[in-house]
1. Are any of the residues in the stretch 103-119 out of contact with any helix residue (DSSP H, G or I) (no Cβ under 7 Å at 6 or more places or on another chain), within 25 Å of residue 210 (Cβ to Cβ), in contact (Cβ under 8 Å) with a residue 60 or more places away in the chain and not in a loop (DSSP other than H, G, I, E, B)?
2. Kindly indicate whether residue 103 is at pLDDT 95 or above, more than 16 Å from ligand 2 (Cβ to nearest atom) and closer than 17 Å to residue 143 by Cα.
3. Of the residues 236, 215, which single one is in contact with a helix residue (DSSP H, G or I) (Cβ under 8 Å, 6 or more places away or on another chain) and part of a helix (DSSP H, G or I)?
4. Identify, please: which residue in the stretch 167-195 is within 17 Å of residue 127 (Cα to Cα) and crowded, with 24+ Cβ neighbours inside 10 Å and is, among those, farthest from ligand 1 (Cβ to nearest atom)?
5. Give the residues of the stretch 169-207 that are in contact with a strand residue (DSSP E or B) (Cβ under 7 Å, 6 or more places away or on another chain) and part of a loop (DSSP other than H, G, I, E, B), sorted by residue number.
6. Check off (1) over 20 Å from residue 134 (Cα atoms); (2) more than 16 Å from ligand 2 (Cβ to nearest atom); (3) buried (at least 20 other Cβ atoms within 10 Å of the Cβ) for residue 8 and give me the number that stays unchecked.
7. Output the number of residues of the stretch 60-76 satisfying the condition of being more than 10 Å from ligand 2 (Cβ to nearest atom) and part of a loop (DSSP other than H, G, I, E, B).
8. Check 161, 236, 193, 227 and return the single one that is more than 19 Å from the chain's Cα centre (by Cα) and either under 21 Å from residue 15 (Cα atoms) or in contact (Cβ under 8 Å) with a residue 60 or more places away in the chain (or both).
Ligand SMILES: [Zn+2]
Ligand SMILES: [Zn+2]
């Protein structure tokens, strides 16, 4: 059965994605307000009440903003490591139901197997994820200053990958609004990946199976979706990889839902199997949207 991935938001101002399989409905990060998360889920015909869990990469507010209200009120299990839990507990009054994992471990949530791995970023214990589903593997690799051998290895099995392309180096250098210390933080080995660094990661993880690449965590004023896309696409084209659909995600609107089904591709459409992108899930009628109460 297929898996459905919707990037509800991605950018320096907020990160949240929704993954659905037969058994399991997950949020990856909750970096919008609870109200926004609910609205964007409603946009694809889903509600937070049905979530199996929320996975948190790290405690920065662009990944946790809506967590206290959303998970506290609905008592949705929150999956993170211990240091991230301790940092989150200082952010919210709400009592959350945590389920702790050790960084580097793999655990199952229904029919989804979750690989966790450490990423170099200035948070307590930041992680990336590889979700293994029967329909294919989905990697999450954002908020890292540089790509270690370990992270490259961990996401190499991805059929779809969310990869950070935070900034254009020149635009960030030339930015007059950010103090030098902030720029240093972003440029550092525990900061964020530039477009060029993202392109280099893409070159290293590319495989015949990687058909969908979402560029995420774009800075709104030191990058543009067109620029990020072009830099990564040119790097991949140079090495002859033209089979990967590349899309820049936005903090302001959800991306079209990606429906992944590698088993169907293998039997039905082995040569041109990227058509399934952009298929929206059934959307709720306006009246049902209006009946939903916003948190
Ligand atoms: Zn961060
Ligand atoms: Zn972030």
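The values are calculated or read from the model by the stated rules, or taken from the named source; none is laboratory data. Since this is a predicted model, take the numbers as computed values, not measurements. Every residue, glycine among them, receives a Cβ derived from its backbone with ideal geometry; neighbour counts consider all protein chains shown.
1. yes
2. Working: at pLDDT 95 or above: yes; more than 16 Å from ligand 2 (Cβ to nearest atom): yes; closer than 17 Å to residue 143 by Cα: yes.
For residue 103, the condition - at pLDDT 95 or above, more than 16 Å from ligand 2 (Cβ to nearest atom) and closer than 17 Å to residue 143 by Cα - is met.
3. 236
4. Looking at the filtered set, the residue picked out is 193.
5. Once the filter is applied, which keeps residues that are in contact with a strand residue (DSSP E or B) (Cβ under 7 Å, 6 or more places away or on another chain) and part of a loop (DSSP other than H, G, I, E, B), the stretch 169-207 yields 192, 193.
6. All conditions are met except number (2).
7. 4
8. One residue alone meets the criteria, 227.
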